[in-house]
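Readers should treat all values here as calculations from the given coordinates under stated rules, not as data from a laboratory. What you see is a predicted model; the values in this text were computed from it and never measured. With ideal geometry, Cβ positions are generated from the backbone for all residues, glycine too; neighbour counts draw on all protein chains shown.
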Amino acid sequence: MSIGIQNLWRMGAGTLDFHVRGVRRPLNVMLSVTDRCTYLCEYCKIPTRKSKEMTLDQIKTLFGQMRRAGTARLGIWGGEPLIRNDIGEILLAAKEQGFYVSVDTNGILVRKKLDELKA
């Protein structure tokens, strides 16, 4: 997914708004979609948090709020975001909002989820 001219414009306008008028916008958002992971690395405490995951509908609502607030870039992470059964729908919803999306993953599920991720 390329960053696109609209997202570049939004980020530039948001930065200018901040420096000229003091308007703050969440241009870049990092969203943890799960604490579950395929590994239990000694140094990582995320899988021990056991937080309740947002539903797909809650995430879609949040995406709409983020879009209206001026967000241009969305980073998806967690534990391992690809462990979610609805990750394809989450990424599609992000794409529909026009976000530039990146996914932080350990890579173990990429082959298994490849078709879902291409959408």
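Which residues, counting only those in region 58-113, are of a type in the set (Gly, Ala, Ser), closer than 15 Å to Asp35 by Cα and more than 11 Å from the chain's Cα centre (by Cα)?
Gly79
If a residue must be in a loop (DSSP other than H, G, I, E, B) and either among the aromatic types (Phe, Trp, Tyr) or over 17 Å from the mean Cα position of the chain (by Cα) (or both), how many such residues does region 32-50 contain?
First, pick out the residues of region 32-50 that are in a loop (DSSP other than H, G, I, E, B): 33-45, 49-50.
Those left that are additionally either among the aromatic types (Phe, Trp, Tyr) or over 17 Å from the mean Cα position of the chain (by Cα) (or both): 38-45, 49-50.
Residues that pass the stated criteria total 10.
Name the residue that is surrounded by the fewest Cβ atoms within 10 Å (Cβ to Cβ), counting only residues in region 49-69 that are closer than 10 Å to Pro26 by Cβ and in contact (Cβ under 8 Å) with a residue 12 or more places away in the chain.
Pass one, region 49-69, residues closer than 10 Å to Pro26 by Cβ: 65-66, 69.
The next check asks that each one be in contact (Cβ under 8 Å) with a residue 12 or more places away in the chain; those that pass are 66, 69.
Values: Met66: 19, Ala69: 13.
Checking each candidate, the answer is Ala69.
Farther than 19 Å from Asp115 by Cβ and surrounded by fewer than 16 Cβ atoms within 10 Å (Cβ to Cβ), is that true of Tyr39? Walk me through how you get there before you give the answer.
Values: farther than 19 Å from Asp115 by Cβ: yes; surrounded by fewer than 16 Cβ atoms within 10 Å (Cβ to Cβ): yes.
So Tyr39 passes the test.
Does region 70-84 contain any residue that is aromatic (Phe, Trp, Tyr) and either part of a helix (DSSP H, G or I) or exposed (fewer than 13 other Cβ atoms within 10 Å of the Cβ) (or both)?
So the first thing to find is which residues in region 70-84 are aromatic (Phe, Trp, Tyr), and the list is 77.
Imposing the further condition that a residue be either part of a helix (DSSP H, G or I) or exposed (fewer than 13 other Cβ atoms within 10 Å of the Cβ) (or both) reduces the set to none.
No - not one qualifying residue is present in region 70-84.
List pairs: first in region 70-92 and free of Cβ contacts under 8 Å to residues at least 60 places away in the same chain, second charged (D, E, K, R), Cβ under 6 Å, 6+ apart or cross-chain?
These pairs meet every condition: Trp77/Asp104; Gly79/Asp35; Gly79/Arg36; Leu82/Lys113; Ile83/Arg36; Gly88/Glu116.
Filter region 51-61 down to the residues that are farther than 12 Å from Gly78 by Cα and either in contact with a Lys or Arg (Cβ under 9 Å, 6 or more places away or on another chain) or in a helix (DSSP H, G or I) (or both) and list them by number.
Across region 51-61, the qualifying residues are Leu56, Asp57, Gln58, Ile59, Lys60, Thr61.
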